[in-house]
Every structure is written in structure tokens, then in C-alpha cells.
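Novice: Below is the structure I would like to discuss, written out as C-alpha cells.
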Amino acid sequence: MAIWTISRQFGSGIREIRFGIASELGYAYVDKKLIMNEIRERGGKWEKWANEFDQSTPTTWEKYDWSFKGFGALLQSVLLSHALQDNVILAGRGSNFLLEDTPHAYRVRFVAPMEQRIERIAGWESVDTAKARSIAIKTDRERAGFVKALYDRDMNDPGSYDEVFDTGVISHEQIVVIVKEALLAKDKLKTDRAQHLLKMKAIAAKIKAGLTIDTKLYVPTLEVDCTETELLVRGIIHNSGQYARIEAAARELAGDTPMKIELRFRS
């Protein structure tokens, strides 16, 4: 089946919609708990950093720090590994940008009138309306800052989605029907070529994450891209020893997937 990415304003009230689609189409939900569990397996401080950075705006210093770069690479690798499994709902974290070139990804944004959001948040958090409004504004700002830091994109831009639903205007039942039909239509775009490209992208993300979090290999300029036929590792390094270590680690992570190394020495 197609992949469904969800971006939402906090308090837009989509739980029933998500449950409806998951129940009818057998979709799994990739949420914060699942993501954190997989990052925890990396050991070290990654779980701590993941909890600190997840959906929060990093400071200017943090944005360029190894810890944030490592978390971002791990997050993208986890999201793409689940996207490969089909029948998944990816919850926020810029997944719509990560999969914007994947034809069988249905990228949706949910919004709602502020007063309705305040009412929901006040009930969830057992706070008054003033505090609920503050929580809504702060959460939206933090999530937007996180996505901007990771993708340099505006998560509030409606042009970044296949569909934007206002839950204050359209009923949950209507949205479920529309989303279900759209996912079935998107599923027809899941060709062998599209799935192969997604697999290559997932492998590239896995390699980038592995290289980025390795303290012995850290390259601030590291990029790992892919074409239909091969992976491409780029970056600026200091010496031939570093080149050899990065190449060996990258090829081990890539397995049998063809790879081109384009590491340049710092002048």
C-alpha cells in the first residue's frame, strides 16, 4: 500500500482519523515511542539527545553540532526503513519532505481553528484556556523550527503537501473517506522502479547515519546520495587515512550495493 505522512497542528484532533485509516487499511503507526525505541538501540547518548532534540527548535550552536546532525541522520534512516515496509503512517518530523519525491507517498497536513485546538489541549493537559493557547503556539513554533533546521523548509507551506485538511470544517468521517480513496489511488503509483528508488534512498540514509554517529569518522560536510544504480558518498576530509576509514565503513554498510566515493581533501 501507499505511505501516509502526517503533519499536524497540535490539537487539530486527528486521533480518530488515524485510528479509522489504520483499522480499515491495516496501517501501522510510526510514532515517537517506536522511533525512540529504535534510536535507543544505538546506545550511548543517542536516546538522551533524541529526547532533547525531537520536534524542538535547536539553537544555532546545536544545529551545527555533531549530536544534532547525528540525531537527524538516525531519524531519517528510521523513517525510511519503515517507509519501505508499506502500510505505514509516518508521524510528522518532516516526513513529507523526506518522501516528497516518492510517488506512492500521500503527504497530508492537518490544521484546525485555534479555539477548537485550545479546547482539546485544555482537556488533555488539564489547564486553563490561556495556558492551552500558550502550549499550542509554543508546540507549533518548536515543531516548525525543528523541521526548518533539518530540511530548511517551511512545514506550514500548504504547497508542501498533497492535501491540507481543516478538521474544523470537514468531519472526521469525511476525511477518513477522502484519505482512504487517496491512499488507494497512490498505491497504484507504487511501481517496481519507485520502490527500488525508495530502497536506494533508505540505504543511503542508513550509511549516512552510520558514518555520522561514528566518532572516529566525523565529517561535517558528509553527504550520501543515490541514483537508480549507485550510492554516492561526498565530503571534505583531511588526509588519506580518514579517506580509507570512511570508505571501508561506507562499503561495509552498503553491502553489495554499488557505490562511488567522492571525498575531497581540504585545501
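The values are calculated or read from the model by the stated rules, or taken from the named source; none is laboratory data. On a predicted model such as this, the values are computed, not experimentally measured, just so you know. Positions of Cβ are backbone-derived with ideal geometry, glycine not excepted, and every protein chain shown enters the neighbour counts. What goes into the accessible areas is simple: the full protein's heavy atoms, side chains included, and nothing from ligands, DNA or RNA. Shrake-Rupley method; radii C 1.70, N 1.55, O 1.52, S 1.80 Å.
Novice: Would you confirm whether or not segment 244-254 contains a residue that is part of a loop (DSSP other than H, G, I, E, B) and at negative phi? Outline the logic, then answer.
Specialist: In the first step, residues of segment 244-254 are kept if they are part of a loop (DSSP other than H, G, I, E, B); the result is none.
No; the residues of segment 244-254 include none that is part of a loop (DSSP other than H, G, I, E, B) and at negative phi.
Novice: I would also like to ask the following. Just name the residue that is least open to solvent (accessible area, probe 1.4 Å) out of those in segment 148-168 that are assigned to a loop (DSSP other than H, G, I, E, B) and without any contact (Cβ under 8 Å) to a residue 12 or more places away in the chain.
Specialist: That would be Asp157.
Novice: Here is a further query. For Val88, which of the numbered conditions (1) within 19 Å of Lys180 (Cβ to Cβ); (2) among the hydrophobic types (A, V, I, L, M, F, W, C); (3) free of Cβ contacts under 8 Å to residues at least 12 places away in the same chain fails to hold?
Specialist: So Val88 meets the others, but not (3).
Novice: Test Glu100 against the criterion of being in a loop (DSSP other than H, G, I, E, B) and at negative phi, and give yes or no.
Specialist: yes
Novice: If you don't mind, there's one more thing I want to ask. For the condition free of Cβ contacts under 8 Å to residues at least 60 places away in the same chain and either surrounded by fewer than 18 Cβ atoms within 10 Å (Cβ to Cβ) or closer than 22 Å to Lys206 by Cα (or both), what is the one hit in Glu16, Glu52, Glu24?
Specialist: Exactly one of Glu16, Glu52, Glu24 is free of Cβ contacts under 8 Å to residues at least 60 places away in the same chain and either surrounded by fewer than 18 Cβ atoms within 10 Å (Cβ to Cβ) or closer than 22 Å to Lys206 by Cα (or both), namely Glu52.
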